[in-house]
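Undergrad: Got a structure here, written out as structure tokens. Questions coming.
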Amino acid sequence: MLATFATEHRVHLICDEIYAGSVFAKPEFVSIAEVIDDVPGCNRDLIHIAYSLSKDFGLPGFRVGIIYSYNDAVVSCARKMSSFGLVSSQTQHFLAAMLSDAAFMTRFLEESAARLAARHDRFTSGLREVGIGCLRGNAGLFSWMDLRGMLRDATPEAELELWRLIIHKVKLNVSPGTSFHCGEPGWFRVCHANMDDDTMEVALDRIRRFVRQHQHQKAKAERWATSSRGKQLRLSMPRRGAVTAASFFALSTPMGLQSPQSPMVPAS
């Protein structure tokens, strides 16, 4: 376990639990604070938890973050640093009232999880209609959309080329995987939780039309390539009542097709 590793090697463990309240499917979230009592000899001074109201409560504009630490020196330092980013008294009053209302908090988090699950299912199922898969998820506000099959080649440059096409032509604001150091080109992060149902349906319709258009163009190109290969094979095969491959080749050369008045001199 990480807590054991941190204790043995004397390194600090910072746990980012910013999506703790946005889990909508199993496995359920378990905070590091719930398990360190079961870690033999765990050094709590090395364990720190970071949290924010930006994700679970949709309040990124409030700019409120939390550091929870068992280390008095870390808490003292964080308290001094907070002087450079003070939270307004109005915001503090509002958040204190909200967070102290246990009944509201329970209802809100339950309703949020249910809506996130429904939105995630609708978005991923809508993409499956056109053969686009997503990474399986159980929490958060985003989906990872698999567009590897739409890249001209498996390179970061091709991914950014497709991203610009989606931004300017499809008019969808998605994020390329390269922005998050994704090791495989072709994955795009989509936030499906920051819009109403009607807007999401518009977004789904746009991406599906774009994918279908790409699939149609790809199939057309493949049919053309197959047809071209077939014609070349027929031209090179002898047929009854037709010229042989050798005589056809002779007729196909510039010398074979030249007129009697051509200035070109046949090679001897």
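Undergrad: Of all residues in segment 121-162, which are touching a residue at least 60 places away in the same chain (Cβ under 8 Å), farther than 27 Å from residue 216 by Cβ and more than 13 Å from the chain's Cα centre (by Cα)?
TA: Result: 138, 139.
Undergrad: Restricting to segment 1-24, what's the tally of residues that are surrounded by 14 or more Cβ atoms within 10 Å (Cβ to Cβ), of a type in the set (Val, Ile, Thr) and in contact with a helix residue (DSSP H, G or I) (Cβ under 9 Å, 6 or more places away or on another chain)?
TA: 2
Undergrad: Let me ask something additional. Which of the residues that make up segment 25-43 are over 25 Å from residue 121 (Cα atoms) and exposed (fewer than 14 other Cβ atoms within 10 Å of the Cβ)?
TA: Answer for segment 25-43, where residues must be over 25 Å from residue 121 (Cα atoms) and exposed (fewer than 14 other Cβ atoms within 10 Å of the Cβ): 31, 34, 35, 37, 38, 40, 41.
Undergrad: Say whether the condition of being more than 30 Å from residue 26 (Cβ to Cβ), without any contact (Cβ under 8 Å) to a residue 40 or more places away in the chain and not assigned by TED's automatic domain parsing to the domain that holds residue 53 is met by at least one residue in segment 182-195.
TA: The answer is yes; a qualifying residue exists.
Undergrad: Sticking with this one: When you look at residue 132, is it in the same structural domain as residue 178 (by TED's automatic domain parsing) and assigned to a loop (DSSP other than H, G, I, E, B), yes or no?
TA: Answer is yes for this residue.
Undergrad: Identify the residue in segment 62-75 that is at pLDDT 95 or above and either exposed (fewer than 13 other Cβ atoms within 10 Å of the Cβ) or of a type in the set (Gly, Ala, Ser) (or both) and, among all such residues, is nearest to residue 116 (Cα to Cα).
TA: 69
Undergrad: Can you name every residue in segment 158-175 that is touching a Lys or Arg at 6+ places or on another chain (Cβ under 8 Å), closer than 22 Å to residue 193 by Cα and surrounded by 12 or more Cβ atoms within 10 Å (Cβ to Cβ)?
TA: 170, 172, 174, 175
Undergrad: Do you know which residues across segment 138-157 are surrounded by fewer than 17 Cβ atoms within 10 Å (Cβ to Cβ) and over 20 Å from residue 204 (Cα atoms)?
TA: 138, 152, 153, 154, 155, 156, 157 - these are the residues of segment 138-157 that are surrounded by fewer than 17 Cβ atoms within 10 Å (Cβ to Cβ) and over 20 Å from residue 204 (Cα atoms).
Undergrad: Given the residues 46, 59, 99, 109, which is the only one that is in contact (Cβ under 8 Å) with a residue 24 or more places away in the chain, under 25 Å from residue 23 (Cβ atoms) and either assigned by TED's automatic domain parsing to the domain that holds residue 11 or surrounded by 11 or more Cβ atoms within 10 Å (Cβ to Cβ) (or both)?
TA: Within the list 46, 59, 99, 109, the selection yields 109.
Undergrad: Quickly run through segment 168-226 and pick out the residues that are within 17 Å of residue 147 (Cβ to Cβ) and basic (Lys, Arg).
TA: Passing the criteria: 169, 171, 189, 206, 208, 209, 212, 218.
Undergrad: Say we look at segment 76-96 and pick out the residues that are of a type in the set (A, V, I, L, M) and modelled with pLDDT of 95 or more; which of these is surrounded by the most Cβ atoms within 10 Å (Cβ to Cβ)?
TA: 95
Undergrad: Kindly indicate whether residue 97 is of a type in the set (A, V, I, L, M) and over 26 Å from the mean Cα position of the chain (by Cα).
TA: yes
Undergrad: Got at least one residue in segment 3-18 being within 26 Å of residue 107 (Cβ to Cβ) and either out of contact with any strand residue (DSSP E or B) (no Cβ under 7 Å at 6 or more places or on another chain) or aromatic (Phe, Trp, Tyr) (or both)?
TA: no
Undergrad: Next up: Is there a residue in segment 152-166 that is of a type outside the set (D, E, K, R) and closer than 27 Å to residue 59 by Cβ?
TA: No: zero hits.
The values are calculated or read from the model by the stated rules, or taken from the named source; none is laboratory data. As the structure is a prediction and not an experimental result, all values here were calculated from the model. Cβ: placed from backbone, ideal geometry, glycine included. Neighbour counts: every protein chain shown.
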